[in-house]
Amino acid sequence: MQKKIAVLAGDGIGPEVTKQALKVLRAVAKAYDHQFTFQEGLVGAAAIDVTGDPFPKETEKLCLNSDAVLFGAIGHPKYDNDPHAKVRPEQGLLAMRKKLGLFSNVRPVKSYEAISHISPLKEHIVKDVDFVVFRELTGGIYFGEPRGRSENGETAFDTSIYTKAEILRISKQAFEAAKKRRKHVTLVDKANVLATSRLWRETVRECCKDNPDVKLDYMYIDNAAMKLIQNPGFFDVVLTENMFGDILTDAASVITGSLGMLPSASLGDKVKLFEPIHGSYPEVAGMSKANPIGAILSAAMLLNYAFGMTEESNAIKSAVDQSLKEGYVTEDIDSEKHHTTEEVGDKIATLVYMSKKVHA
Ligand code: IPM
Ligand code: MN
């Protein structure tokens with residue numbers, strides 16, 4: 001197959017982890033006879049420096065003209081410490097989600113036997129955890145208007161808004177996913193307090209009627225946060241709004257043992273985008289310490305979700321499993337015996353290539 005991939009490496013550790021994901025995609029292309037072309041675009045602080053805009057028009061066009069987007073991370077400390085900055089790199093991320101119509105963020109959470117001992121949770125709790133969070137990505141308090149400050153600056157406000165249509169389109173995706181999994185959807189909300197949450201319940205209940213084979217239950221976000229730590233094995237598909245999903249998935253990364261392990265797919269009605277959930281992590285940028293597995297698994301999701309290449313996608317996942325078993329891990333996983341970002345990327349790329357060539 002011939003495919004065009006837009007590559008937005010972004011800020012912090014974005015470029016170095018994306019480089020490893022590209023290495024693995026090149027290995028897939030070589031082993032499976034695909035032609036992938038990669039075109040780079042600017043985003044985040046890197047784009048502000050050059051164009052003044054964290055998501056320039058040119059980057060938007062590049063994404064819309066590609067078959068998929070591989071994204072690294074956005075964020076730079078010089079903006080974090082300046083509450084008066086007029087443009088912030090994160091605005092680029094939100095603009096990108098909105099302009100590309102990426103309304104659904106799929107975040108799988110899985111424990112890996114080879115590294116389950118590094119989780120701060122007890123091994124029997126994290127054992128066999130395998131769930132996926134469907135986080136709504138273009139609505140809720142992240143985007144609702146009005147937002148801002150009162151004239152005298154003494155009051156600030158944000159607005160959470162959801163329409164039925166926004167809830168329905170992601171709910172359908174979550175139910176579709178559940179049908180191929182353990183057929184269990186948990187809607188996480190705060191329906192005892194929020195009107196938006198009550199609309200979510202009402203809408204999702206309707207959606208459930210079309211999927212009688214899927215079990216639906218509801219859980220308040222505070223209770224879900226507790227359950228996630230106490231008994232994460234309970235979850236199969238978690239469906240939730242934008243901010244709850246943001247918070248829950250960072251918490252969920254503790255199960256795997258490192259935020260660096262988690263990939264994500266952002267889906268919508270235009271192009272699909274794939275990114276690790278870890279963010280820019282500027283403290284270790286450029287030091288070859290960053291865990292590239294979140295980015296590499298995002299590439300695996302890209303192959304599956306955007307190109308329907310299940311075999312190739314599974315080959316990457318198996319290579320990640322294998323390299324973890326062989327101890328090819330970065331510092332976040334093993335502070336004593338660890339490898340560089342590059343070495344882990346090389347190992348996984350080689351394993352992917354070999355797995356196909358040996359079986360061919
Ligand atoms: C994420 C990030 C972003 C979010 C930030 C950087 C705006 O935390 O992708 O989870 O809150 O969505
Ligand atoms: Mn987040």
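The values are calculated or read from the model by the stated rules, or taken from the named source; none is laboratory data. Values in this document were obtained by computation on a predicted structure and should not be read as measured data. Note that each Cβ is placed from the backbone with ideal geometry, even for glycine, and that neighbours are counted across all protein chains shown. The accessibility values were calculated without ligands, DNA or RNA, using every heavy atom of the protein model including side chains. Shrake-Rupley method; radii C 1.70, N 1.55, O 1.52, S 1.80 Å.
Some observations on this one:
- Selection status of ILE161, touching a strand residue (DSSP E or B) at 6+ places or on another chain (Cβ under 8 Å), touching a residue at least 40 places away in the same chain (Cβ under 8 Å) and open to solvent by 50 Å² or more (accessible area, probe 1.4 Å): no
- Of residues in segment 250-308 being farther than 21 Å from GLU343 by Cβ, among the hydrophobic types (A, V, I, L, M, F, W, C) and touching a Gly at 6+ places or on another chain (Cβ under 9 Å), the one surrounded by the fewest Cβ atoms within 10 Å (Cβ to Cβ): VAL271
- Subset tally (residues that are away from ligand 2 (no atom under 15 Å from the Cβ) and either on the phi > 0 side of the Ramachandran plot or among the polar types (S, T, N, Q) (or both)) for segment 259-294: 3
- Candidates are the residues of segment 216-245 that are of a type outside the set (Val, Ile, Thr) and under 19 Å from ARG169 (Cβ atoms); the one that is farthest from ligand 1 (Cβ to nearest atom) is LEU216.
- Taking segment 42-137 as the region of interest, none of the helices (runs of 4 or more DSSP H) fully inside it holds 3 or more residues being surrounded by fewer than 17 Cβ atoms within 10 Å (Cβ to Cβ), of a type in the set (Phe, Trp, Tyr) and within 14 Å of ligand 1 (Cβ to nearest atom).
- The listed residue being out of contact with any Asp or Glu (no Cβ under 6 Å at 6 or more places or on another chain), within 16 Å of ligand 1 (Cβ to nearest atom) and modelled with pLDDT under 95, out of SER253, SER258: SER253
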